[in-house]
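Structure first, then comments.
The values are calculated or read from the model by the stated rules, or taken from the named source; none is laboratory data. What you see is a predicted model, and the numbers here were worked out from it, not measured in a lab. Virtual Cβ from ideal backbone geometry, glycine too; neighbours counted across all protein chains shown.
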Amino acid sequence: MHRDKWRALMFGIPAGVPSIELDGEKALALMDAPLELDEALRRWLWSRPELVHEDSPRYALRFDSRERMAIPWDVWEEFLSWMQQALLQALDV
């Protein structure tokens, strides 16, 4: 429960979303994604075959030494841009 508290947007925005480095690449460990965005991020990833199929040149899943799944930071930013566009469309702005 304590970990989920710090993953919540209410606490995480001021602290920033933590990044990790994997093979010299800035990445987001999926377990560190803001709690409120966790399911949307995972659904978005799995809806993008070019990001989750190992034979794709855009394959985005990374694993650290403890086998925790992560995505490159630019893919995280791509998700955030997609979410912003979806919210703007939903609000008809």
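Quick notes
- Among the residues of the stretch 43-68, those that are surrounded by fewer than 14 Cβ atoms within 10 Å (Cβ to Cβ), within 19 Å of Ser81 (Cα to Cα) and among the basic types (Lys, Arg) comprise Arg43, Arg58.
- Within the stretch 69-93, tally of residues that are β-branched (Val, Ile, Thr) and surrounded by 10 or more Cβ atoms within 10 Å (Cβ to Cβ): 2
- Of the residues examined, Ala70 is one that is touching a residue at least 12 places away in the same chain (Cβ under 8 Å) and small (Gly, Ala, Ser).
- Matching residues in the stretch 10-30 - criterion: being modelled with pLDDT of 60 or more, surrounded by 12 or more Cβ atoms within 10 Å (Cβ to Cβ) and under 15 Å from the mean Cα position of the chain (by Cα): Val17, Pro18, Ser19, Ile20, Leu22, Glu25, Lys26, Ala27, Leu28, Ala29, Leu30
- Within the stretch 56-93, considering residues that are part of a loop (DSSP other than H, G, I, E, B) and either in contact with a helix residue (DSSP H, G or I) (Cβ under 7 Å, 6 or more places away or on another chain) or modelled with pLDDT of 95 or more (or both), the one farthest from Ile20 (Cα to Cα): Ser56
- Filter result (in a helix (DSSP H, G or I) and either touching a residue at least 40 places away in the same chain (Cβ under 8 Å) or among the charged types (D, E, K, R) (or both)) within the stretch 22-55: Leu30, Asp32, Glu36, Leu37, Asp38, Glu39, Ala40, Arg42, Arg43, Glu50
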